[in-house]
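Engineer: Sharing a structure here in structure tokens format.
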Amino acid sequence: MNQSTLTRLPTILGLSSGFPERIATQNELWDGIFSRWYAEVPNAWEVMAQTKVKSRHLAWDPRVELATRTRGTGDRMKAFERAAIPLGIEVCGRALGETDRQQVGSFVLASCTGYAGPTPDLHIAHRLGLPATLRRTFVGHMGCYAAFNALKVGLDAVTARPDERALVTCIELSSIQFRPKPANLEQSIIHALFGDAAASLVLGMAEPGAGPQVLATHTVQVYGSAEHMTWSILDDGFYMTLSAYVPFILAGHVEAFVTALCDRASVRPESIRHWGIHPGGPKIVGMIADKLAIPDESLAATWRVLETRGNCSSTTILLILEEIINQERPEPGEIGVLMAFGPGLTMEGAMVRF
Amino acid sequence: MGIRDLRTQLLEWIRTIIGVSSRRISGDESLTGDLGMDSLHLMQLFSTVDSEIGAIDMMPWLVSSSTSGLDTVDAFYNYIAAALQAGEHTRVER
């Protein structure tokens, strides 16, 4: 094995994000609908403001689509398909750029906010002229960390077939799952947090210098904690519950998690320069940052995405990575850690070298 | 602190944190359900236990408590009492 084989690693060769056109501020949504839904919830406006979200993109405007009633799951799935396919074509096309379409051997799409058969990846692949022999994978219902599950499929694909490219995409349209009831504190927080976004990245084996390289990934399932976060399918859409203990469970595991990730990458924790933490909520980010002694300036990308896009489920960590690249302008060789958490409870992470 | 006093003390801390000084709290009430504690309240409770009683590994209790109401006052008390009896805590000397 020669030196250049050893230094070729899975590399992010392209990354692009996209959003539904409609933007709404928290004030607009409060005045337009949430003040009505959460009229009986004490301090609902203050609680919603504590999420630190200021505006979000929404495929479904709740002031229109949910003004007088909830909606059936079938309705919501049709709306998802209608919105997700064009958005997917847009972000995947942009991420691919000048990539030879015939070189794309694998396409993984993750979503937990809508499903259709055939899955949207088929239609996106067709429109983008991807090969008919494409290996497609749909990662469904895994939740906020699914970008990592999709990424890991992509990593395995380019490692096994190093002459090919893998397209890894997340499309999450949480607005299509909003619901008027139950109208309690937990739901008011959830409805203040989530927004819509899609993002796509292109993976390929490359030498350092072609893009951020993925050095390692790590996963921990906190077995026994499944009831702390649920995402169920009801007759009138998807329904989320979230326990107040989630930040504590995650914070209690995160130091060992990062140590293990560093071990896998043979990197010292002190050399981590850039951080992306999925903002499940501000408390999760705060408690994890505390535990890991992450400096405030390293949280800027995370906070900025939360503030301007909301929690976009699995897409969020890709938005944060894009923000880190564009705003922090990492120097070549600098190390970054990306983490996300969700149902399980499950902790996912990746270490990249910019 | 004796085990006998522990329950009284925990209830007093909970009452103070959620601001219900005169309300009787029963052992089968869920901290996050019936008593409506949020992450901020929980943080205050855990750090009070940490500073007044000592560092106790709460993770097994955290994982097994759940939104279906298993995080009762009694369950919380029993866990801490058991940890104290087993000597599984580090008393912070001041």
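The values are calculated or read from the model by the stated rules, or taken from the named source; none is laboratory data. In this text the structure is predicted, and so the values were computed from the model without any measurement. Positions of Cβ are backbone-derived with ideal geometry, glycine not excepted, and every protein chain shown enters the neighbour counts. Side chains included, ligands, DNA and RNA excluded: accessible areas come from the protein's heavy atoms. Shrake-Rupley method; radii C 1.70, N 1.55, O 1.52, S 1.80 Å.
Engineer: Applying the selection to region B:28-64, what residues are within 12 Å of the chain's Cα centre (by Cα), within 9 Å of chain A (Cβ to nearest Cβ) and not in a loop (DSSP other than H, G, I, E, B)?
Structural biologist: Within region B:28-64, B:His41, B:Leu42, B:Met43, B:Phe46, B:Leu62 meet the criteria.
Engineer: Does B:Ser47 count as within 27 Å of A:Glu186 (Cα to Cα), open to solvent by less than 20 Å² (accessible area, probe 1.4 Å), free of Cβ contacts under 8 Å to residues at least 12 places away in the same chain and of a type in the set (Gly, Ala, Ser)?
Structural biologist: Here the answer is no, as B:Ser47 does not meet what is asked.
Engineer: On to the next question. Given A:Leu306, A:Leu261, A:Leu250, A:Leu318, which one is within 11 Å of chain B (Cβ to nearest Cβ), assigned to a helix (DSSP H, G or I), in contact (Cβ under 8 Å) with a residue 60 or more places away in the chain and open to solvent by less than 20 Å² (accessible area, probe 1.4 Å)?
Structural biologist: A:Leu250
Engineer: Right, here's the next one. Could you check how many residues of region A:264-273 are outside any helix (DSSP H, G or I) and polar (S, T, N, Q)?
Structural biologist: The total comes to 1.
Engineer: Scan region A:55-68 and give yes if some residue there is closer than 30 Å to A:Glu164 by Cβ, surrounded by 15 or more Cβ atoms within 10 Å (Cβ to Cβ) and in contact with a Lys or Arg (Cβ under 6 Å, 6 or more places away or on another chain), otherwise no.
Structural biologist: Within region A:55-68 (the criterion being closer than 30 Å to A:Glu164 by Cβ, surrounded by 15 or more Cβ atoms within 10 Å (Cβ to Cβ) and in contact with a Lys or Arg (Cβ under 6 Å, 6 or more places away or on another chain)), the answer is no, since none of the residues qualifies.
Engineer: Among residues belonging to region A:232-247 that are outside any helix (DSSP H, G or I) and either at the interface with chain B (Cβ under 10 Å from one of its Cβ atoms) or of a type in the set (D, E, K, R) (or both), point out the one that is most open to solvent (accessible area, probe 1.4 Å).
Structural biologist: This residue is A:Asp235.
Engineer: Can you name the helices (runs of 4 or more DSSP H) wholly within region A:1-96 that have at least 2 residues being under 19 Å from the mean Cα position of the chain (by Cα)?
Structural biologist: Qualifying helices (runs of 4 or more DSSP H): A:73-96.
Engineer: Then there's this: Hey, which of the strands (runs of 3 or more DSSP E) in region A:129-231, taking only ones fully inside, have at least 2 residues that are within 14 Å of chain B (Cβ to nearest Cβ), surrounded by fewer than 24 Cβ atoms within 10 Å (Cβ to Cβ) and at pLDDT 95 or above?
Structural biologist: A:213-221
Engineer: Is at least one residue of region A:48-56 among the hydroxyl-bearing types (Ser, Thr, Tyr) and out of contact with any helix residue (DSSP H, G or I) (no Cβ under 7 Å at 6 or more places or on another chain)? Give the derivation first.
Structural biologist: Restricting attention to region A:48-56, the residues satisfying the condition of being among the hydroxyl-bearing types (Ser, Thr, Tyr) are A:51, A:55.
Okay, now just the ones that are also out of contact with any helix residue (DSSP H, G or I) (no Cβ under 7 Å at 6 or more places or on another chain), so none.
For region A:48-56, residues among the hydroxyl-bearing types (Ser, Thr, Tyr) and out of contact with any helix residue (DSSP H, G or I) (no Cβ under 7 Å at 6 or more places or on another chain): absent.
Engineer: Go through region A:266-281 and report how many residues are surrounded by 19 or more Cβ atoms within 10 Å (Cβ to Cβ) and either under 10 Å from A:His218 (Cα atoms) or of a type in the set (Gly, Ala, Ser) (or both).
Structural biologist: 3
Engineer: Give me the residue from region B:65-76 that is at pLDDT 90 or above and crowded, with 19+ Cβ neighbours inside 10 Å and, out of that set, nearest to the chain's Cα centre (by Cα).
Structural biologist: Residues of region B:65-76 that are at pLDDT 90 or above, as a first pass: B:71-76.
Checking which are crowded, with 19+ Cβ neighbours inside 10 Å leaves us with B:71-73, B:76.
On the way: B:Asp71: 10, B:Thr72: 9, B:Val73: 7, B:Phe76: 5 Å.
Taking the candidates together, the pick is B:Phe76.
Engineer: What do you reckon, is A:Trp231 more than 25 Å from A:Leu173 (Cβ to Cβ) and aromatic (Phe, Trp, Tyr)?
Structural biologist: No, not satisfied.
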